[in-house]
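Just below is one structure, and these are the notes that go with it.
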Amino acid sequence: MLAQGIVIELAATAMGARFATGAGGAIALLAYGTAFGVIWASVPNLIALRTRSAELTMALGFFLTLPVLFMSSAFFPLRLQPGWLQAVARVNPAAYVITTGQALLNSGYQPGQQARTIIALAVAAAVLVPATVASFRSIKELSGMPVIEVRGLTKRFGAVTAVEDLSFSVGEGTVTAFLGPNGAGKTTTLRMLLGLVTPSAGTAAINGRPYREVRSSVGASLEAAGFHPGRTGRGHLRARALARGADRSRADELLAMVDLSGSAGSRIGTYSLGMRQRLGLAAAMLGDPRVLILDEPANGLDPEGVRWLRGFLRGLAAEGRTVFVSSHLLAEVTQTADHVVIINRGRLVTAGPIAELTHEDTTLEDLFLSITGKEDTR
(Lines give C-alpha, C1' and ligand atoms only; values in the text may rest on other atoms or scores of the structure.)
Protein backbone atom coordinates (compact mmCIF):
# COMPACT_ATOMS: atom_id res chain seq x y z
CA MET A 1 0.00 0.00 0.00
CA LEU A 2 2.78 2.45 0.92
CA ALA A 3 4.74 1.70 -2.25
CA GLN A 4 1.62 2.17 -4.37
CA GLY A 5 0.91 5.49 -2.68
CA ILE A 6 4.44 6.73 -3.37
CA VAL A 7 4.18 5.73 -7.04
CA ILE A 8 0.84 7.53 -7.37
CA GLU A 9 2.18 10.70 -5.77
CA LEU A 10 5.29 10.66 -7.98
CA ALA A 11 3.12 10.17 -11.04
CA ALA A 12 0.86 13.05 -9.97
CA THR A 13 3.87 15.29 -9.44
CA ALA A 14 5.26 14.35 -12.85
CA MET A 15 1.94 15.36 -14.41
CA GLY A 16 2.13 18.79 -12.78
CA ALA A 17 0.22 18.34 -9.51
CA ARG A 18 1.50 20.48 -6.65
CA PHE A 19 0.72 20.12 -2.98
CA ALA A 20 -0.33 23.52 -1.60
CA THR A 21 0.90 22.55 1.86
CA GLY A 22 4.25 21.39 0.53
CA ALA A 23 6.02 18.27 1.73
CA GLY A 24 3.89 18.12 4.88
CA GLY A 25 0.72 17.87 2.84
CA ALA A 26 2.20 15.19 0.59
CA ILE A 27 3.25 13.12 3.60
CA ALA A 28 -0.17 13.59 5.21
CA LEU A 29 -1.95 12.48 2.05
CA LEU A 30 0.37 9.47 1.75
CA ALA A 31 -0.34 8.51 5.37
CA TYR A 32 -4.09 8.87 4.91
CA GLY A 33 -4.08 6.90 1.70
CA THR A 34 -1.89 4.12 3.10
CA ALA A 35 -3.99 3.72 6.25
CA PHE A 36 -7.21 3.68 4.25
CA GLY A 37 -5.74 1.19 1.76
CA VAL A 38 -4.80 -1.23 4.55
CA ILE A 39 -8.29 -0.94 6.02
CA TRP A 40 -9.84 -1.32 2.58
CA ALA A 41 -7.81 -4.46 1.87
CA SER A 42 -9.29 -6.12 4.94
CA VAL A 43 -12.72 -6.36 3.27
CA PRO A 44 -11.88 -9.05 0.65
CA ASN A 45 -9.55 -10.78 3.09
CA LEU A 46 -12.24 -11.08 5.71
CA ILE A 47 -14.63 -12.37 3.04
CA ALA A 48 -12.03 -14.94 1.94
CA LEU A 49 -11.54 -16.04 5.52
CA ARG A 50 -15.27 -16.54 5.96
CA THR A 51 -16.18 -18.09 2.61
CA ARG A 52 -12.93 -19.83 1.59
CA SER A 53 -14.07 -19.22 -2.00
CA ALA A 54 -12.19 -17.15 -4.58
CA GLU A 55 -15.37 -16.62 -6.60
CA LEU A 56 -17.38 -15.36 -3.62
CA THR A 57 -14.48 -13.21 -2.49
CA MET A 58 -14.34 -11.45 -5.86
CA ALA A 59 -18.10 -11.07 -6.16
CA LEU A 60 -18.82 -9.91 -2.63
CA GLY A 61 -15.70 -7.76 -2.52
CA PHE A 62 -16.86 -5.97 -5.67
CA PHE A 63 -20.44 -5.45 -4.53
CA LEU A 64 -19.40 -4.29 -1.06
CA THR A 65 -16.57 -1.95 -1.98
CA LEU A 66 -17.86 -0.31 -5.17
CA PRO A 67 -20.94 1.26 -3.50
CA VAL A 68 -18.70 2.66 -0.76
CA LEU A 69 -16.61 4.41 -3.40
CA PHE A 70 -19.69 5.53 -5.31
CA MET A 71 -21.27 7.08 -2.22
CA SER A 72 -18.29 9.35 -1.65
CA SER A 73 -16.65 12.07 -3.68
CA ALA A 74 -14.56 9.61 -5.68
CA PHE A 75 -16.61 9.96 -8.86
CA PHE A 76 -18.07 13.47 -8.59
CA PRO A 77 -17.90 16.32 -6.02
CA LEU A 78 -20.09 16.15 -2.94
CA ARG A 79 -21.76 19.45 -3.76
CA LEU A 80 -23.16 17.95 -6.97
CA GLN A 81 -24.62 14.89 -5.26
CA PRO A 82 -28.31 14.64 -4.28
CA GLY A 83 -29.10 15.34 -0.66
CA TRP A 84 -29.43 11.71 0.43
CA LEU A 85 -26.03 10.83 -1.06
CA GLN A 86 -24.47 13.80 0.71
CA ALA A 87 -25.92 12.51 3.98
CA VAL A 88 -24.41 9.06 3.35
CA ALA A 89 -21.09 10.61 2.36
CA ARG A 90 -20.88 12.43 5.69
CA VAL A 91 -20.57 9.09 7.49
CA ASN A 92 -18.63 7.34 4.72
CA PRO A 93 -14.96 6.85 5.72
CA ALA A 94 -13.97 6.79 2.05
CA ALA A 95 -15.35 10.29 1.63
CA TYR A 96 -13.18 11.57 4.48
CA VAL A 97 -10.01 10.25 2.88
CA ILE A 98 -10.94 11.47 -0.61
CA THR A 99 -11.98 14.97 0.50
CA THR A 100 -8.84 15.23 2.61
CA GLY A 101 -6.73 14.32 -0.41
CA GLN A 102 -8.57 16.84 -2.52
CA ALA A 103 -8.07 19.47 0.16
CA LEU A 104 -4.35 18.77 0.36
CA LEU A 105 -4.16 19.49 -3.37
CA ASN A 106 -6.35 22.56 -2.98
CA SER A 107 -4.72 25.91 -2.38
CA GLY A 108 -7.53 26.79 0.00
CA TYR A 109 -6.62 24.06 2.45
CA GLN A 110 -5.58 25.25 5.87
CA PRO A 111 -3.97 22.85 8.39
CA GLY A 112 -6.21 22.47 11.41
CA GLN A 113 -9.47 22.65 9.48
CA GLN A 114 -9.50 18.90 8.87
CA ALA A 115 -9.53 17.90 12.53
CA ARG A 116 -12.77 15.95 12.14
CA THR A 117 -11.29 13.99 9.26
CA ILE A 118 -8.11 13.21 11.17
CA ILE A 119 -10.04 12.09 14.25
CA ALA A 120 -12.41 9.94 12.18
CA LEU A 121 -9.52 8.21 10.41
CA ALA A 122 -7.68 7.67 13.67
CA VAL A 123 -10.75 6.05 15.24
CA ALA A 124 -11.36 3.91 12.12
CA ALA A 125 -7.73 2.81 12.07
CA ALA A 126 -7.78 1.99 15.78
CA VAL A 127 -10.83 -0.23 15.26
CA LEU A 128 -10.19 -1.71 11.82
CA VAL A 129 -6.42 -2.09 11.52
CA PRO A 130 -6.23 -4.70 14.32
CA ALA A 131 -9.04 -6.59 12.57
CA THR A 132 -7.11 -6.33 9.30
CA VAL A 133 -3.94 -7.69 10.89
CA ALA A 134 -5.93 -10.51 12.49
CA SER A 135 -7.51 -11.36 9.14
CA PHE A 136 -4.10 -11.49 7.45
CA ARG A 137 -2.81 -13.81 10.18
CA SER A 138 -5.89 -16.02 9.96
CA ILE A 139 -5.60 -16.28 6.19
CA LYS A 140 -1.93 -17.13 6.49
CA GLU A 141 -2.85 -19.89 8.93
CA LEU A 142 -5.67 -20.97 6.62
CA SER A 143 -3.21 -21.51 3.78
CA GLY A 144 -1.62 -24.29 5.85
CA MET A 145 -4.90 -25.69 7.15
CA PRO A 146 -5.65 -29.33 6.31
CA VAL A 147 -8.36 -29.79 3.70
CA ILE A 148 -9.87 -32.71 5.61
CA GLU A 149 -9.65 -32.77 9.38
CA VAL A 150 -11.07 -35.40 11.70
CA ARG A 151 -10.85 -34.80 15.45
CA GLY A 152 -11.91 -37.23 18.19
CA LEU A 153 -14.43 -38.87 15.86
CA THR A 154 -16.47 -41.61 17.53
CA LYS A 155 -19.49 -43.63 16.39
CA ARG A 156 -21.39 -46.15 18.46
CA PHE A 157 -24.16 -48.40 17.20
CA GLY A 158 -25.75 -49.56 20.42
CA ALA A 159 -23.12 -51.54 22.32
CA VAL A 160 -20.80 -51.66 19.29
CA THR A 161 -18.19 -48.95 18.84
CA ALA A 162 -17.39 -48.74 15.12
CA VAL A 163 -15.05 -45.74 15.33
CA GLU A 164 -13.37 -44.54 18.51
CA ASP A 165 -11.60 -41.22 19.14
CA LEU A 166 -10.23 -41.06 15.59
CA SER A 167 -8.11 -38.08 14.56
CA PHE A 168 -6.17 -37.40 11.35
CA SER A 169 -5.79 -34.77 8.64
CA VAL A 170 -5.42 -34.72 4.85
CA GLY A 171 -3.46 -32.02 3.04
CA GLU A 172 -4.20 -30.17 -0.18
CA GLY A 173 -2.96 -31.45 -3.54
CA THR A 174 -2.32 -34.98 -2.32
CA VAL A 175 -3.66 -38.51 -2.75
CA THR A 176 -4.16 -39.97 0.71
CA ALA A 177 -5.04 -43.66 1.07
CA PHE A 178 -7.35 -44.74 3.87
CA LEU A 179 -6.43 -48.28 4.90
CA GLY A 180 -7.64 -50.84 7.40
CA PRO A 181 -8.86 -54.46 7.67
CA ASN A 182 -12.47 -55.38 7.00
CA GLY A 183 -14.64 -53.94 9.74
CA ALA A 184 -12.03 -51.40 10.80
CA GLY A 185 -14.47 -48.50 10.43
CA LYS A 186 -13.32 -47.00 7.13
CA THR A 187 -16.73 -46.75 5.46
CA THR A 188 -18.36 -45.50 8.67
CA THR A 189 -15.71 -42.78 8.89
CA LEU A 190 -16.27 -41.74 5.29
CA ARG A 191 -20.02 -41.63 5.84
CA MET A 192 -19.56 -39.40 8.88
CA LEU A 193 -17.25 -37.15 6.88
CA LEU A 194 -19.97 -36.80 4.23
CA GLY A 195 -22.76 -36.17 6.73
CA LEU A 196 -24.52 -39.47 6.05
CA VAL A 197 -23.99 -40.73 9.61
CA THR A 198 -24.13 -38.56 12.74
CA PRO A 199 -21.06 -38.97 14.98
CA SER A 200 -21.54 -39.95 18.61
CA ALA A 201 -18.68 -37.57 19.40
CA GLY A 202 -15.98 -35.54 17.66
CA THR A 203 -15.94 -33.61 14.42
CA ALA A 204 -15.24 -34.21 10.74
CA ALA A 205 -14.62 -31.12 8.61
CA ILE A 206 -13.70 -30.24 5.04
CA ASN A 207 -11.92 -26.90 4.70
CA GLY A 208 -12.86 -26.21 8.29
CA ARG A 209 -16.59 -26.73 7.77
CA PRO A 210 -19.15 -29.55 7.85
CA TYR A 211 -19.79 -31.24 4.53
CA ARG A 212 -23.28 -29.72 4.20
CA GLU A 213 -21.71 -26.25 3.97
CA VAL A 214 -19.10 -27.14 1.32
CA ARG A 215 -20.84 -29.90 -0.61
CA SER A 216 -20.62 -28.00 -3.90
CA SER A 217 -16.81 -28.30 -3.80
CA VAL A 218 -16.74 -32.00 -2.81
CA GLY A 219 -17.22 -35.04 -5.02
CA ALA A 220 -17.83 -38.48 -3.52
CA SER A 221 -18.36 -42.07 -4.62
CA LEU A 222 -18.90 -44.57 -1.82
CA GLU A 223 -20.06 -47.64 -3.72
CA ALA A 224 -20.76 -48.83 -7.25
CA ALA A 225 -24.47 -49.09 -6.51
CA GLY A 226 -27.47 -46.78 -6.41
CA PHE A 227 -27.77 -46.69 -10.19
CA HIS A 228 -31.13 -47.14 -11.87
CA PRO A 229 -30.54 -50.17 -14.12
CA GLY A 230 -32.94 -48.88 -16.76
CA ARG A 231 -31.15 -45.54 -17.22
CA THR A 232 -28.33 -45.00 -19.64
CA GLY A 233 -24.95 -43.79 -18.41
CA ARG A 234 -25.56 -40.41 -20.03
CA GLY A 235 -29.05 -40.22 -18.56
CA HIS A 236 -27.72 -40.98 -15.07
CA LEU A 237 -25.13 -38.20 -15.22
CA ARG A 238 -27.66 -35.69 -16.53
CA ALA A 239 -30.09 -36.58 -13.75
CA ARG A 240 -27.35 -36.24 -11.13
CA ALA A 241 -26.28 -32.92 -12.62
CA LEU A 242 -29.86 -31.64 -12.37
CA ALA A 243 -30.06 -32.73 -8.72
CA ARG A 244 -26.76 -31.04 -7.87
CA GLY A 245 -27.36 -27.91 -9.89
CA ALA A 246 -24.37 -28.75 -12.08
CA ASP A 247 -23.98 -28.29 -15.81
CA ARG A 248 -25.82 -31.12 -17.62
CA SER A 249 -23.71 -30.54 -20.73
CA ARG A 250 -20.69 -31.97 -18.90
CA ALA A 251 -22.14 -35.48 -19.05
CA ASP A 252 -20.50 -36.41 -22.36
CA GLU A 253 -17.22 -34.76 -21.36
CA LEU A 254 -17.07 -36.78 -18.14
CA LEU A 255 -18.06 -40.01 -19.86
CA ALA A 256 -15.14 -39.48 -22.21
CA MET A 257 -12.86 -38.74 -19.27
CA VAL A 258 -13.66 -42.12 -17.66
CA ASP A 259 -13.56 -43.92 -21.02
CA LEU A 260 -17.28 -44.69 -21.19
CA SER A 261 -18.20 -42.73 -24.32
CA GLY A 262 -18.85 -45.93 -26.24
CA SER A 263 -21.34 -47.09 -23.59
CA ALA A 264 -22.99 -43.73 -22.90
CA GLY A 265 -26.25 -44.83 -24.50
CA SER A 266 -26.30 -48.30 -22.95
CA ARG A 267 -28.44 -49.12 -19.94
CA ILE A 268 -26.54 -49.26 -16.66
CA GLY A 269 -28.03 -52.70 -15.98
CA THR A 270 -25.73 -54.02 -18.70
CA TYR A 271 -22.61 -52.41 -17.17
CA SER A 272 -19.92 -54.49 -15.49
CA LEU A 273 -18.79 -53.62 -11.94
CA GLY A 274 -15.74 -51.86 -13.36
CA MET A 275 -17.91 -49.77 -15.69
CA ARG A 276 -20.16 -48.79 -12.78
CA GLN A 277 -17.07 -47.75 -10.83
CA ARG A 278 -16.05 -45.48 -13.70
CA LEU A 279 -19.57 -44.06 -13.90
CA GLY A 280 -19.47 -43.35 -10.16
CA LEU A 281 -16.21 -41.44 -10.64
CA ALA A 282 -17.76 -39.42 -13.46
CA ALA A 283 -20.72 -38.56 -11.22
CA ALA A 284 -18.35 -37.49 -8.44
CA MET A 285 -16.64 -35.07 -10.85
CA LEU A 286 -19.88 -33.38 -11.98
CA GLY A 287 -19.35 -30.23 -9.93
CA ASP A 288 -15.64 -29.98 -10.82
CA PRO A 289 -14.82 -30.56 -7.12
CA ARG A 290 -11.62 -29.56 -5.34
CA VAL A 291 -11.99 -32.49 -2.92
CA LEU A 292 -12.71 -36.08 -3.95
CA ILE A 293 -13.68 -38.81 -1.46
CA LEU A 294 -13.75 -42.36 -2.81
CA ASP A 295 -14.48 -45.73 -1.23
CA GLU A 296 -12.71 -48.65 -2.90
CA PRO A 297 -12.80 -47.18 -6.45
CA ALA A 298 -10.52 -49.92 -7.82
CA ASN A 299 -13.01 -52.70 -7.04
CA GLY A 300 -13.97 -54.49 -10.23
CA LEU A 301 -11.35 -52.80 -12.40
CA ASP A 302 -9.09 -54.94 -14.56
CA PRO A 303 -5.31 -54.26 -14.59
CA GLU A 304 -5.70 -51.73 -17.38
CA GLY A 305 -8.48 -50.01 -15.43
CA VAL A 306 -6.38 -49.92 -12.26
CA ARG A 307 -3.55 -48.32 -14.19
CA TRP A 308 -5.98 -45.78 -15.65
CA LEU A 309 -7.32 -44.99 -12.17
CA ARG A 310 -3.79 -44.40 -10.89
CA GLY A 311 -3.12 -41.82 -13.58
CA PHE A 312 -6.55 -40.27 -13.05
CA LEU A 313 -6.04 -39.74 -9.32
CA ARG A 314 -2.46 -38.54 -9.68
CA GLY A 315 -3.63 -36.08 -12.33
CA LEU A 316 -6.23 -34.64 -9.95
CA ALA A 317 -3.62 -34.17 -7.24
CA ALA A 318 -1.28 -32.49 -9.74
CA GLU A 319 -4.06 -29.94 -10.34
CA GLY A 320 -4.04 -29.09 -6.63
CA ARG A 321 -7.11 -31.16 -5.76
CA THR A 322 -7.33 -33.34 -2.68
CA VAL A 323 -8.09 -37.06 -3.06
CA PHE A 324 -8.99 -39.21 -0.05
CA VAL A 325 -9.46 -42.83 -1.10
CA SER A 326 -9.99 -46.08 0.76
CA SER A 327 -8.41 -49.16 -0.78
CA HIS A 328 -7.23 -52.67 -0.05
CA LEU A 329 -4.80 -52.90 -3.00
CA LEU A 330 -1.63 -52.12 -1.07
CA ALA A 331 0.77 -52.51 -3.99
CA GLU A 332 -1.30 -50.06 -6.02
CA VAL A 333 -1.58 -47.64 -3.09
CA THR A 334 2.21 -47.49 -2.98
CA GLN A 335 2.27 -46.28 -6.59
CA THR A 336 -0.68 -43.93 -6.31
CA ALA A 337 -0.80 -42.31 -2.88
CA ASP A 338 1.45 -39.77 -1.18
CA HIS A 339 0.18 -40.40 2.34
CA VAL A 340 -1.65 -43.13 4.22
CA VAL A 341 -4.00 -43.22 7.18
CA ILE A 342 -4.25 -46.70 8.68
CA ILE A 343 -6.92 -47.63 11.21
CA ASN A 344 -7.76 -50.85 13.03
CA ARG A 345 -10.81 -51.58 15.18
CA GLY A 346 -11.97 -48.01 14.71
CA ARG A 347 -8.81 -46.39 16.05
CA LEU A 348 -5.87 -44.73 14.34
CA VAL A 349 -2.81 -46.93 14.07
CA THR A 350 -0.49 -44.71 12.03
CA ALA A 351 -0.57 -41.89 9.49
CA GLY A 352 2.00 -40.07 7.41
CA PRO A 353 3.87 -39.93 4.11
CA ILE A 354 4.44 -43.35 2.58
CA ALA A 355 8.07 -42.46 1.91
CA GLU A 356 8.66 -41.94 5.64
CA LEU A 357 6.75 -45.02 6.81
CA THR A 358 8.43 -47.48 4.44
CA HIS A 359 11.97 -48.25 3.33
CA GLU A 360 13.89 -50.86 1.37
CA ASP A 361 13.33 -53.62 3.92
CA THR A 362 9.73 -52.72 4.82
CA THR A 363 7.01 -52.40 2.21
CA LEU A 364 3.61 -50.87 2.83
CA GLU A 365 2.19 -54.40 2.99
CA ASP A 366 4.74 -55.37 5.64
CA LEU A 367 3.86 -52.27 7.64
CA PHE A 368 0.14 -52.87 7.32
CA LEU A 369 0.29 -56.50 8.43
CA SER A 370 2.66 -55.77 11.31
CA ILE A 371 0.47 -53.07 12.84
CA THR A 372 -2.96 -54.60 12.17
CA GLY A 373 -2.06 -58.25 12.66
CA LYS A 374 -4.31 -59.15 9.72
CA GLU A 375 -3.57 -61.43 6.83
CA ASP A 376 -6.66 -60.20 4.98
CA THR A 377 -5.51 -56.81 3.63
CA ARG A 378 -9.06 -55.81 2.79
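The values are calculated or read from the model by the stated rules, or taken from the named source; none is laboratory data. None of these values were measured; they are calculated from a predicted model. Surface accessibility is based on the protein's heavy atoms, side chains included, excluding ligands, DNA and RNA. Shrake-Rupley method; radii C 1.70, N 1.55, O 1.52, S 1.80 Å.
Per residue, how much accessible surface does segment 253-296 expose to a 1.4 Å probe? Answer in Å², no decimals. The partial results should precede the final answer.
Values: 1530 Å² over 44 residues.
Ligands and nucleic acids excluded, the result is 35 Å² per residue.
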Hz values of 3J(HN,Hα) by residue in segment 266-282 - Karplus curve (6.51, -1.76, 1.60), Gly and Pro given as x: 8, 6, 5, x, 8, 6, 6, 4, x, 5, 5, 4, 5, 5, x, 5, 4
Carbon plus sulfur fraction of accessible area for segment 226-378, probe 1.4 Å, in percent: 47 percent
Mean projected area (nm²) of the alpha-carbon convex hull when segment 291-377 is viewed from all directions: 6.1 nm²
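How much accessible area per residue does segment 162-223 have, counting only protein heavy atoms and a probe of 1.4 Å, in square angstrom? Spell out each step's value before the answer.
Numbers: 2510 Å² over 62 residues.
Per-residue accessible area for segment 162-223 comes out at 40 Å².
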